[in-house]
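Worksheet: one structure, shown below.
The values are calculated or read from the model by the stated rules, or taken from the named source; none is laboratory data. None of these values were measured; they are calculated from a predicted model. Neighbour counts run over all protein chains shown; Cβ positions are idealised from the backbone, glycine included.
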């Protein structure tokens, strides 16, 4: 039995990494195509589009997705197909809630940022659709159907890459609106495919009708959802504050650095997909097991993290001028700083998953609020003086407060018998 479990875990990681590598390759292609096709001013608008959509998808999708995964995995240990009914109930409610919240966000964001209204509108629409897609993705992940989740995500990436290449090469004047529409079109394709697959599974396997389980999930996951709301807010705060205090050119430079940082950090969701499910198992309730898992991860990953940092720093100075053109050289040093944050996040990858799985979401929420306050105050003080370099440093330190604080809490925690 133990051998089978170990084999399953290895296979899960292999499947997730396989699709993640493919996805990152296409993400890199998409990023390069857009960076080279748009002017600096248009790329600043594109950066705002992506920040708005990331903020909204984080607020609407991340917390609910994390709550669903944790609850559904535990549920399937006693009622194998009960999560199908839970998903149906959740989806029905979110179809009503998401458009209302998205509309409110459009008016709120529009009053605080200088970006054009059309960019904010497209960003809000895309963010809402991304949030819906996240809920579909976690349905497959909670059932350990990583292959299906990865396949749908990569189909979308392939279609987006091809369409972007065609549009950029055919159109003489590359319109930013065309790029927005392509993003929305391809996420709609992913949604249609995933919904068709999910409801086929639910119709075939799920006959459970347990009333009140959605309310129970929301009640049990309240602090998880609140934590993700705060994290989503401060993860995009740097871009909004650069846009408020500095020039469009600096927004574009930071956007390029952050885009490549996002490619590097995108390995974390792939790791956390498996960690999140495995950490929801009952053996993680043991304090010593948790400490052993964290220390074992750090021991195994610090060398890889060091190699990633060295290769990424050297590679950025060599490749950025070639890939992006000379116009974005100022983003290189910003990327170097953000890369340090990516390595630190990688070293503490299991901690947040373990905290959520062991019902310590309230502690996570407190850490996230501290990080948000530090981020807001730090950016307000230093961005007007030092620009995007200061924003990168503050962002790295903010995430370390959250991730490093989680690791410290778990390592210092004592069991009831100690």
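What the table shows:
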{"item": "Some residue of the range 396-413 being touching a residue at least 12 places away in the same chain (Cβ under 8 Å), in a helix (DSSP H, G or I), over 21 Å from residue 228 (Cβ atoms) and assigned by TED's automatic domain parsing to the domain that holds residue 335", "result": "yes"}
{"item": "Odd one out for residue 111, checked against (1) farther than 26 Å from residue 357 by Cα; (2) at pLDDT 85 or above", "result": "(2)"}
{"item": "Members of the range 374-389 found to be more than 24 Å from residue 347 (Cβ to Cβ) and either assigned to a helix (DSSP H, G or I) or under 20 Å from the mean Cα position of the chain (by Cα) (or both), listed by number", "result": "376, 377, 379, 380, 381, 382, 383, 384, 385, 386, 388"}
{"item": "Selected residue [surrounded by fewer than 13 Cβ atoms within 10 Å (Cβ to Cβ), closer than 30 Å to residue 73 by Cβ and at pLDDT below 85] from 211, 172", "result": "211"}
{"item": "Top-ranked residue of the range 111-162 - restricted to ones that are outside any helix (DSSP H, G or I) and free of Cβ contacts under 8 Å to residues at least 40 places away in the same chain, ranked as surrounded by the fewest Cβ atoms within 10 Å (Cβ to Cβ)", "result": "111"}
{"item": "Every residue from the range 234-247 that is crowded, with 19+ Cβ neighbours inside 10 Å and in a helix (DSSP H, G or I)", "result": "234, 235, 237, 238, 239, 240, 241, 242, 243"}
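Every residue, every condition in (1) touching a residue at least 24 places away in the same chain (Cβ under 8 Å); (2) in contact with a strand residue (DSSP E or B) (Cβ under 6 Å, 6 or more places away or on another chain); (3) assigned to a helix (DSSP H, G or I); (4) surrounded by fewer than 23 Cβ atoms within 10 Å (Cβ to Cβ), yes or no:
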site: 311; (1), (2), (3), (4): no, no, yes, yes
site: 314; (1), (2), (3), (4): no, no, yes, yes
site: 317; (1), (2), (3), (4): no, no, yes, yes
site: 333; (1), (2), (3), (4): yes, no, yes, yes
site: 337; (1), (2), (3), (4): yes, no, yes, yes
site: 341; (1), (2), (3), (4): yes, no, yes, yes
site: 346; (1), (2), (3), (4): yes, no, yes, yes
site: 353; (1), (2), (3), (4): yes, no, yes, no
